[in-house]
Amino acid sequence: MKRFFLSLCVLALFGGAVFLWITRADTLPADSLDGLTADATRGETVFHASGCASCHTAPGAESSNAPDLTGGQKFPSDFGTFVAPNISSDPTHGIGDWTALDLANAMLRGVSPAGQHYYPAFPYASYIRMQPQDVVDLHAFLATLPASDTPSQPHDVGFPFNIRRSVGGWKWLYLDDNWIMAADTDQLERGRYIVEAMGHCGECHTHRNALGAMDLSAWLTGAPDPSGKGKTPNITPAELSWSDADLTYYFETGFTPDFDSAGGDMAHVVENLARLTPKDREAVTAYLKALP
């Protein structure tokens, strides 16, 4: 009996060690950004392509020009309601005191400067594919935007989902920086980078499994809206029959070939895409048209 309990204790210790290793906060090496020079002008393009203002602008505020990145928008889900935080340049309530490495760890690893896991409502499962240079440029641009001293609001997430350490297990299962679709031209590579990484289109347009991870086998084929109202559409060629010109025009103006216009969250996406270059919008169209 003594040997049995001793074996049980050894197994428990081993299991605990494995759990702690799997759920640890995995951050970037300290020298990851060495040699990179920030360009705030390029960072503005990254800001719009990544949709930062769409989620972090205060409810009711305008997201154009100098956006109010106070946060406060609520995102309901099966796991609770997540609230976008203040990411303005305020050093106390925003991210004004973050280094570029802090921002890179948040976007590419989902880890806060304090070493805590962020919930994947923050789309780092897509941002993980971004280039460090783009994060450095984004950090420089964010520093030019207005500060707000409005405190971030806490998430409304109940047990057991409020155990942040468990997010490390989710990352171990699902966080993957591999590209989803192959790209054999420069245009497709650019479109893939915008759609799969910066624009994080799959976060809304892809069905999720029981643990909230994107089902990559159903990539961009549509999904129920987390609010419970309607669904996001299938944007693969199986359903998206618009011509290349119509689709690219929609990304610029929000007007559809059926004389309708983008509404809801998609209106914010169009605001972002309209600030990109025509070549970038054409690249997004080319990528969507090339999907299986």
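The values are calculated or read from the model by the stated rules, or taken from the named source; none is laboratory data. Owing to the predicted nature of the structure, the values given are computational and were not obtained by experimental measurement. Cβ coordinates were reconstructed from backbone atoms using ideal geometry, including for glycine residues, and neighbour counts include every protein chain displayed.
Worth pointing out:
- Checking each residue in segment 54-103 for being crowded, with 17+ Cβ neighbours inside 10 Å and free of Cβ contacts under 8 Å to residues at least 12 places away in the same chain picks out only 102.
- Scanning segment 27-77 for residues that are touching a strand residue (DSSP E or B) at 6+ places or on another chain (Cβ under 9 Å) and part of a loop (DSSP other than H, G, I, E, B) yields 27, 28, 59, 71, 72, 73.
- Tally, over segment 142-181, of residues that are at pLDDT below 95 and of a type in the set (Lys, Arg): 2
- Criterion: surrounded by 13 or more Cβ atoms within 10 Å (Cβ to Cβ) and modelled with pLDDT under 95 - qualifying residue of 184, 225: 225
- Of the numbered criteria (1) among the hydroxyl-bearing types (Ser, Thr, Tyr); (2) free of Cβ contacts under 8 Å to residues at least 60 places away in the same chain; (3) under 20 Å from residue 39 (Cβ atoms), the one residue 127 fails is (2).
Okay, residues lined up against (1) closer than 29 Å to residue 166 by Cβ; (2) out of contact with any Lys or Arg (no Cβ under 8 Å at 6 or more places or on another chain):
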| residue | (1), (2) |
| --- | --- |
| 28 | yes, no |
| 31 | no, yes |
| 35 | no, yes |
| 74 | yes, yes |
| 83 | yes, no |
| 90 | no, yes |
| 95 | yes, yes |
| 104 | yes, yes |
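- Test: residue 106 is over 23 Å from residue 40 (Cβ atoms) and free of Cβ contacts under 8 Å to residues at least 60 places away in the same chain: no
- Verdict on residue 255 being surrounded by fewer than 18 Cβ atoms within 10 Å (Cβ to Cβ), touching a strand residue (DSSP E or B) at 6+ places or on another chain (Cβ under 8 Å) and not basic (Lys, Arg): yes
- Neighbours by Cβ (under 7 Å, 6+ apart or cross-chain): first from segment 247-267, farther than 19 Å from residue 205 by Cα; second outside any helix (DSSP H, G or I) and among the polar types (S, T, N, Q): 255/261
- Complete set of residues in segment 220-266 that are at negative phi and small (Gly, Ala, Ser): 223, 227, 238, 241, 243, 245, 261, 262, 263
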